[in-house]
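Read-outs: derived from the displayed coordinates by stated rules, not from any lab. Everything quoted here is computed from the prediction, not taken from an experiment. No Cβ is skipped: glycine too gets one built from the backbone with ideal geometry, and neighbour counts run over all protein chains shown.
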Amino acid sequence: MINKRLLIKNLLAHNAENSFYDKKRKINIGEKEGKAKLLKHICALSNSNPKNNSYIVIGVEDEDNSIVGVDFFDDSKIQNLINAYLTNPPLVTYENVLFPHLPNGKVVGLVSIRPNEGKICSLRKNIWKYYGGMVFFRDGSISMPKAFDIELKDINSEIVKAIESHSQNTIKYTLDGVDFMKKSKDYQPTYKVFKEYFVVCWAGKAKEIEENTYLSRVNIELINEQVKLFYSDLDEISIAYDEDSFKIIEYVHLGLYESYKYYPLEEVTFHFKNNMSYEIESEMVFHPPEFPKETLYHIFNNNNSIIKKLKNKEPLTPIQEKDLSKLPATYLLCHLNGFTDAIEKLEEAKPYLKNYPEVYSRYKESVRILRKVRYN
């Protein structure tokens, strides 16, 4: 069974109207002009899709696809109107589809058009400025009059079939077939559905620190929209979401001595809207930790002494050897606290740090953090 609300959302996801789908802010069949225009569109959609359903969605703003709704409509008049004015009339149904965000009494109208297969639909008699015998077809998003003997062509069956199929699948059925969930099974893949249409999948290596969960080696994918994000083994992020958004916060691990903390670096947020659109917002939120200047001057001068000894190939004291392991991170903190020469000194130390694999690895991590801060 087709989920009509999901069907409407899948149709709107195509954005532009085309030869199997139209959208209207409202219709008015209480007047001749409104009747005539509806008949024209139904005739055109029926002829342009001789072997599959066509649809008209009513209650949608044309410019931005926002779902604003219309009043509840009694559909008993629609088929009578079709039979009275169209030759080889299609089977037409009008359904009032509820959307949670709409005010009470507002719905979205869904007109489903099933053609009289193989037979050209035409106007039976005059109405408004259209004459009896006129035949309409869809030309892109426009219903246009055409010659009566034009050939019926089936060009949309596969597209419509896919849309209808996707509209009756359960989320579980859909995700069971998604490669992401299969490929990421070693990293506890998870998903969340937004606005009944957008599906975000993610997976990564988790670690718990002081009741907080951080993820590394993270894959994030917005299914169907082909949006993918990746965070490496060196990155650490957290994920949070509500009904309208999905937020990723990337952190850097900084501190002095034995006191290290996670500081937010960047926020990336997916905002999902009711009109089947979404936005991705990126914001730099990093505020470097501040430490007493006296402490930082002491560390900065001590680091400089260590570099001087490494240059001169002089042995380090046990305390200096311990401080060497923290030298890349402490130079970075000095830089973030206004020491203009700190990064220059760190680069100066690079060739000597290569002799200490663990320290050199920390050097690369500090440079990576610096690059991200500068880039953002």
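Kirkwood-type hydrodynamic radius, region 293-375: 12.7 Å, calculated from all non-identical alpha-carbon pairs.
In this structure the amide hydrogen of ASN275, modeled in the peptide plane, comes within under 5 Å of the amide hydrogens of ILE67, none closer than 5 places in sequence on its chain. Distances between placed amide hydrogens fall under 5 Å for PHE99 paired with VAL108, all partners being 5 or more residues away or on another chain. Region 119-134 and region 322-371 have their alpha-carbon centroids 80 Å apart. When GLU258, GLU225, GLU31, GLU236 are sorted by how many other C-beta atoms sit within 10 angstrom of their C-beta, beginning with the fewest, the order is GLU258, GLU31, GLU225, GLU236.
Taking a temperature of 4 °C and a viscosity of 1.567 mPa s, what whole-number D in µm²/s does Stokes-Einstein yield for region 4-168 with Rh from Kirkwood over alpha carbon pairs? Estimated diffusion coefficient is 81 µm²/s. Binning the alpha carbon pair distances of region 176-297 at 5 angstrom intervals from zero yields the distribution 2, 9, 19, 20, 18, 13, 8, 5, 3, 2, 1, 0, expressed in whole percent. Available extension along the chain between SER325 and TYR241 is 26.5 nm, counting 0.36 nm per residue and deducting the alpha carbon span.
Taking every C-alpha pair closer than 8 Å and separated by at least 6 residues, the mean separation divided by the residue count of the chain gives a relative contact order of 12 percent. Taking 0.36 nm per residue of separation and subtracting the current Cα-Cα distance, fully stretching the chain between THR269 and ARG374 would add 35.7 nm.
In the chain, helices alone account for a calculated mean residue ellipticity at 222 nm of -10500 deg cm²/dmol, with every DSSP H run of four or more residues adding -39,500 (n - 2.57).
In this structure the amide hydrogen of TYR241, modeled in the peptide plane, comes within under 5 Å of the amide hydrogens of LYS247, none closer than 5 places in sequence on its chain.
Once the piece of chain linking TYR260 and TYR187 is laid out straight, how much longer is it, given 0.36 nm per residue of separation minus the C-alpha distance between them?
23.6 nm
For the chain, the C-alpha radius of gyration divided by 2.2 N^0.38 Å, with N the number of residues, is 1.51.
Look at the alpha carbon pairs under 8 Å that are at least 6 residues apart: their mean separation over the length of region 293-375 gives a relative contact order of 29 percent.
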